[in-house]
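Engineer: Submitted below is the structure of interest, expressed as structure tokens.
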Amino acid sequence: QLVYPHDFRLTEKEKTSICYLSFPDSYSGGLGDTQFSFRLRQSGGPRTSPFQDDGRYNREAPLTLQREAAHYFGYVYFRQVRDSSMRRGYFQKSLVLVSRLPYVNLFQSLLQLIAPEYFDKLEPCLEAVCNEIDQWPPPVPGQTLNLPVMGVVIQVRIPSRVDKPGSSPVKQFNQENLLPAPLVLPSVHELDLFRCFQPVLIHIQMLWELMLLGEPMVVMAPSPTVSSELVLALTSVLAPLRYCCDFRPYFTIHDSEFKEYTTRTQAPPNIVVGVTNPFFIKTLQHWPHILRVGELRMSGDLPKQVKVKKLAKLKTLDTKPGIYTSYKTFLHKDKTLIKRLLKGIQRKRPSEVQSALLRRHLLELTQSFIIPLEHYIASLMPLQRAITPWKNPPQIRPFCQEDFMKTLEHAGPQLTCVLKGDWLGLYRRFFKSPNFDGWFRQRHREMTHKLEALHLEAICEADIVAWMKDKSEVEIVDLVLKLREKLVRARCQHLPVKEETLQRVGLYIDTIIGSLPEDLQAVLHH
């Protein structure tokens, strides 16, 4: 019906997809308001972003919170109430916020403020809200933002890549005597993991392994709310490691990728997909891992835990909750985590405390797995003394899986993790996953940038006049061109180099040009 701001360009395909994804896909008898989220592949070529950001946000934000380049997130507020004046006897409407940022908490909290007003006052309400949002500061990692909207100030901190993993959000909120008191969000994106994982707490490790290996997985849930929260919770269990596969928190049979996912002629893609329509039980039967859950209920006891079942049992539309898979975990189960969570339930600990326990456990598991890889990849970096000013910097040595495996004997995960099991088998499987590929590319890029930076520093320390003494004009001009190219690259790629180093290289270039005959000087200055 309405897109705001009016000048926001969506292709017809995107509009259709957003429409289908904004409503529950299967019959939902529930009246009232529900919230959920989806993720949508952008169609129709790259678009310029209205945000003039030179990539600084993505460089400083945690990898898990980077702005998406080829996908949009949709955050939905859906209302269904009885209304005899409507043809169907119901009023059904959704307000959707579309963003490239995965700030599920911030945007869903924002919708809780805006949507009820919007259903009442319609377009003038959106216009007023958009005018306020236009004045918001850009999200800067590490900063706490005060975001005024509709008489409320939302206060939230944007996480930064330099935050210590697992540390609780910085409490030093600058209250600045804000009146009325701000609505403080403890996190821009973190879900209540304990609530999301309730029915599968005893299988959390199996789910962690499946996510680490980028295995194809279907989450079948009774509502888009449960489906989207569970998929987002699953993709967050590897933090601070980035989940590099595709994921769809909520997916319908009308989706343009429906055929691609349901075909049996090729293996299912590396994706976690959340669905609610029972029709998917038939069409996705060939997927290797299917998690079927019921409504999430927060009760006083440990909710009924689903069982691991054989895929062959997945036949009927009234399939019972369970994890349908033939996957055998590489690591043994950690009983202590479940005992601690059970103790928490008996002591009536708040959900956020249980979530923090769970998050800490997953973080330690991921770090135990990734630290040996980090140590090994750091050893592939050339020694600093091998970096000389007048030669190209040496290459980073290639990653050799067998060499890495040899390091595990004395520096493996067993140093930091009590879990026993086939860690070697887990690494071998991990090497074949998109998550390894994503991690390795990111690290390799960072190391290449570091080498470039060290090389520039070596050039700054060198005696350039002594070098020029016995060099021909051709060699000197070649050096000028190379240094210029390095300088441009350092600025474009935002290499980790001090500004004074870059300025000194600029002065060097001027000094060298000044020593050349005037005709060459003119050409080089030009």
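Yes/no per residue for (1) touching a Ser or Thr at 6+ places or on another chain (Cβ under 8 Å); (2) in a helix (DSSP H, G or I):
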{"position": "Gly74", "(1), (2)": "yes, no"}
{"position": "Tyr77", "(1), (2)": "yes, no"}
{"position": "Ser84", "(1), (2)": "no, no"}
{"position": "Gln92", "(1), (2)": "no, no"}
{"position": "Pro102", "(1), (2)": "yes, no"}
{"position": "Ile114", "(1), (2)": "no, yes"}
{"position": "Pro137", "(1), (2)": "no, no"}
{"position": "Ile154", "(1), (2)": "yes, no"}
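Engineer: Let me ask another. Between a residue in the stretch 301-312 that is closer than 12 Å to Ile323 by Cα and at pLDDT 75 or above and any residue that is surrounded by 15 or more Cβ atoms within 10 Å (Cβ to Cβ) and not aliphatic (A, V, I, L, M), which pairs come within a Cβ distance under 6 Å, given they are 6 or more apart or on different chains?
Structural biologist: Partner pairs satisfying both residue conditions: Val306/Pro199; Val306/Pro321; Val306/Gly322; Lys307/Gly322; Lys309/Gly322; Lys309/Tyr324; Leu311/Tyr324.
Engineer: Restricting attention to the stretch 332-351, which residues are surrounded by 14 or more Cβ atoms within 10 Å (Cβ to Cβ) and part of a helix (DSSP H, G or I)?
Structural biologist: Once the filter is applied, which keeps residues that are surrounded by 14 or more Cβ atoms within 10 Å (Cβ to Cβ) and part of a helix (DSSP H, G or I), the stretch 332-351 yields Leu337, Ile338, Arg340, Leu341, Gly344, Ile345, Ser351.
Engineer: For the stretch 123-151, which positions are open to solvent by 40 Å² or more (accessible area, probe 1.4 Å), without any contact (Cβ under 8 Å) to a residue 60 or more places away in the chain and over 24 Å from the mean Cα position of the chain (by Cα)?
Structural biologist: Pro124, Ala128, Asn131, Glu132, Asp134, Gln135, Pro148, Met150, Gly151
Engineer: Turning to a different aspect of this structure: Would you check if Trp423 is open to solvent by less than 60 Å² (accessible area, probe 1.4 Å) and under 21 Å from Pro496 (Cβ atoms)?
Structural biologist: no
Engineer: I would also like to ask the following. Looking only at the stretch 353-388, count how many residues are exposed (fewer than 15 other Cβ atoms within 10 Å of the Cβ) and at pLDDT below 90.
Structural biologist: Looking only at that region, the number is 5.
Engineer: Here is a follow-up. Being open to solvent by less than 50 Å² (accessible area, probe 1.4 Å), in contact with a helix residue (DSSP H, G or I) (Cβ under 6 Å, 6 or more places away or on another chain) and not polar (S, T, N, Q) narrows it down to one residue among Tyr103, Tyr57, Tyr77, Tyr72; which is it? Write out each step before concluding.
Structural biologist: Values: Tyr103 fails: in contact with a helix residue (DSSP H, G or I) (Cβ under 6 Å, 6 or more places away or on another chain); Tyr57 fails: in contact with a helix residue (DSSP H, G or I) (Cβ under 6 Å, 6 or more places away or on another chain); Tyr72 fails: in contact with a helix residue (DSSP H, G or I) (Cβ under 6 Å, 6 or more places away or on another chain).
Sole residue among the options that is open to solvent by less than 50 Å² (accessible area, probe 1.4 Å), in contact with a helix residue (DSSP H, G or I) (Cβ under 6 Å, 6 or more places away or on another chain) and not polar (S, T, N, Q): Tyr77.
Engineer: Conditions first: (1) over 24 Å from Ile370 (Cα atoms); (2) out of contact with any Lys or Arg (no Cβ under 7 Å at 6 or more places or on another chain). Leu241 passes all but one, so which condition is the exception?
Structural biologist: Leu241 satisfies all of (1) over 24 Å from Ile370 (Cα atoms); (2) out of contact with any Lys or Arg (no Cβ under 7 Å at 6 or more places or on another chain) except (1).
Engineer: Then there is this: Exactly one condition in (1) open to solvent by 60 Å² or more (accessible area, probe 1.4 Å); (2) under 28 Å from the mean Cα position of the chain (by Cα) is false for Lys391; which is it?
Structural biologist: Unmet condition: (2).
Engineer: Enumerate the pairs (first residue in the stretch 317-336 and under 22 Å from Leu284 (Cβ atoms); second residue anywhere and in a loop (DSSP other than H, G, I, E, B) and open to solvent by less than 20 Å² (accessible area, probe 1.4 Å)) with beta-carbon separation below 8 Å, excluding pairs fewer than 6 apart on the same chain, so at least 6 apart or on different chains.
Structural biologist: Once the first residue is under 22 Å from Leu284 (Cβ atoms) and sits in the stretch 317-336, its partners that are in a loop (DSSP other than H, G, I, E, B) and open to solvent by less than 20 Å² (accessible area, probe 1.4 Å) give Pro321/Val293; Pro321/Val306; Gly322/Val306; Ile323/Val306; Tyr324/Leu314.
Engineer: Among the residues that make up the stretch 440-453, is at least one of them within 25 Å of Ala239 (Cβ to Cβ) and not in a helix (DSSP H, G or I)?
Structural biologist: No, there is no match, as no residue in the stretch 440-453 is within 25 Å of Ala239 (Cβ to Cβ) and not in a helix (DSSP H, G or I).
Engineer: Test each condition in (1) modelled with pLDDT of 90 or more; (2) within 20 Å of the chain's Cα centre (by Cα); (3) farther than 26 Å from Phe36 by Cα; (4) not aromatic (Phe, Trp, Tyr) for Asp163 and report the one that comes out false.
Structural biologist: (1)
Engineer: So which helices (runs of 4 or more DSSP H) are wholly in the stretch 178-252 and hold at least 2 residues that are more than 20 Å from Asp334 (Cβ to Cβ) and open to solvent by less than 10 Å² (accessible area, probe 1.4 Å)?
Structural biologist: Qualifying helices (runs of 4 or more DSSP H): 224-235.
Engineer: In addition: Those residues that are surrounded by 17 or more Cβ atoms within 10 Å (Cβ to Cβ) and within 42 Å of the chain's Cα centre (by Cα), I need them from the stretch 459-482; list them, please.
Structural biologist: Ile459, Cys460, Leu479, Val480 - these are the residues of the stretch 459-482 that are surrounded by 17 or more Cβ atoms within 10 Å (Cβ to Cβ) and within 42 Å of the chain's Cα centre (by Cα).
Engineer: Next up: Condition first: at pLDDT 85 or above, touching a helix residue (DSSP H, G or I) at 6+ places or on another chain (Cβ under 9 Å) and among the charged types (D, E, K, R). Now tell me which residues in the stretch 473-499 satisfy that.
Structural biologist: Arg484, Lys486, Arg489, Arg491, Lys498
The values are calculated or read from the model by the stated rules, or taken from the named source; none is laboratory data. Worth saying up front: this structure is predicted, and the values here are computed from it rather than measured. With ideal geometry, Cβ positions are generated from the backbone for all residues, glycine too; neighbour counts draw on all protein chains shown. Side chains included, ligands, DNA and RNA excluded: accessible areas come from the protein's heavy atoms. Shrake-Rupley method; radii C 1.70, N 1.55, O 1.52, S 1.80 Å.
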